[in-house]
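Step one of this worksheet: look at the structure below.
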Amino acid sequence: MPAYKRVLLKLSGEALASPNPHQEGAYGISHEMLQKVSQDVLSARSIGTEICLVVGGGNIYRGIHGMEKHRIDRCAADSMGMLATVINGIALQNALAHVGLDARLMSAIPMATVCEPFIRHKAERHLKKGRVVVFAAGTGNPYFTTDTAATLRAAEMNCDLMLKATMVKGVFCSDPKKNCDATFIPRLTFNEAKVKNLKVMDATAIALAQENKTPIAVFSIYEPDGFRKVLQGDTEFTLISVL
């Protein structure tokens, strides 16, 4: 039996943009990263774990930048960002199919000719049949991040663990890209993550995970086969939990 029966993987849009962890602000979709992510999901699926994903859209449209640069109001900017996640979701579904995984794309914003609408019991049925489910369009509402959407879907799907893929191996006391002396933190409580303001996820996402007792593993998307290694405890990562 796998250590975790069902997990949710949260991918940022930026993670799909470039295979180079040092390249910030990249846009578009990298074929190399699509291949890597799909192979990582295949490897994790091979140990018997049911998998669902939530994907961001920052590689296509960053709502906060649109608000500042183009004077787009918050609701419109967030809607544009949610649609960007659907584009990423289509790309991911296609990449997963290419490695032999049966995947379903479900959107919080109905668009029947492109993907299925998110309906919880249908998502449950897909997972029980061994399919990978990709959740797109965030929560379907403005003012909520895709991190919050991920913790919401993890709770709805009764996931044993949520994994947040980042550009570094976990949580540090400060930004390791700016501070070479930043200390790696292997374990945190939800309260510590909030009080220390470590910017792992937004406060709403952390609070929702804490309320539903959903542990969060923060790991590097660039580690070879890192997804499966986290599930089997074979690599370094940060675990955020109640205790």
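The values are calculated or read from the model by the stated rules, or taken from the named source; none is laboratory data. Computed from a predicted structure; not experimentally measured. Every residue, glycine as well, gets a Cβ built from its backbone with ideal geometry; the counts of neighbours run over all protein chains shown.
I'd like to check something: does segment 63-71 contain any residue that is basic (Lys, Arg) and either without any contact (Cβ under 8 Å) to a residue 24 or more places away in the chain or closer than 21 Å to Ser107 by Cβ (or both)?
Yes, because at least one residue in segment 63-71 is basic (Lys, Arg) and either without any contact (Cβ under 8 Å) to a residue 24 or more places away in the chain or closer than 21 Å to Ser107 by Cβ (or both).
Take the residues in segment 98-121 that are small (Gly, Ala, Ser) and within 16 Å of Cys52 (Cβ to Cβ); name whichever of them is surrounded by the most Cβ atoms within 10 Å (Cβ to Cβ). Full working, then the answer.
Step one: filter segment 98-121 for residues small (Gly, Ala, Ser), giving 100, 103, 107-108, 112.
Subset that is within 16 Å of Cys52 (Cβ to Cβ): 103, 107-108.
Numbers: Ala103: 22, Ser107: 24, Ala108: 20.
Going through the qualifying residues, I end up with Ser107.
Just one of Ala137, Ala154 is modelled with pLDDT of 90 or more, at positive phi and among the hydrophobic types (A, V, I, L, M, F, W, C); which is it?
On the way: Ala154 fails: at positive phi.
Testing whether each residue is modelled with pLDDT of 90 or more, at positive phi and among the hydrophobic types (A, V, I, L, M, F, W, C) leaves just Ala137.
What about Gly58, is it farther than 27 Å from Lys128 by Cα and part of a helix (DSSP H, G or I)? Please lay out each step first, then the result.
On the way: farther than 27 Å from Lys128 by Cα: yes; part of a helix (DSSP H, G or I): no.
Taking the combined requirement at face value, the residue does not satisfy it.
Table: residues versus (1) touching a strand residue (DSSP E or B) at 6+ places or on another chain (Cβ under 8 Å); (2) modelled with pLDDT of 95 or more; (3) within 26 Å of Arg228 (Cβ to Cβ).
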| position | (1), (2), (3) |
| --- | --- |
| Asp160 | yes, yes, yes |
| Thr166 | yes, no, yes |
| Lys169 | yes, no, yes |
| Asp181 | no, no, no |
| Asn191 | no, no, no |
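Quick check on this structure: which one of Tyr4, Tyr27 is aromatic (Phe, Trp, Tyr), touching a residue at least 24 places away in the same chain (Cβ under 8 Å), assigned to a loop (DSSP other than H, G, I, E, B) and in contact with a strand residue (DSSP E or B) (Cβ under 7 Å, 6 or more places away or on another chain)?
Matching residue, one of Tyr4, Tyr27: Tyr4.
Residues of segment 98-149 being in contact (Cβ under 8 Å) with a residue 12 or more places away in the chain and β-branched (Val, Ile, Thr), which ones?
Val99, Ile109, Val114, Ile119, Val132, Val133, Val134, Thr139, Thr145, Thr146, Thr148
Scan segment 192-218 for residues that are of a type in the set (D, E, K, R), surrounded by 13 or more Cβ atoms within 10 Å (Cβ to Cβ) and in a helix (DSSP H, G or I) and jot them down.
Scanning segment 192-218 gives Glu192, Lys194.
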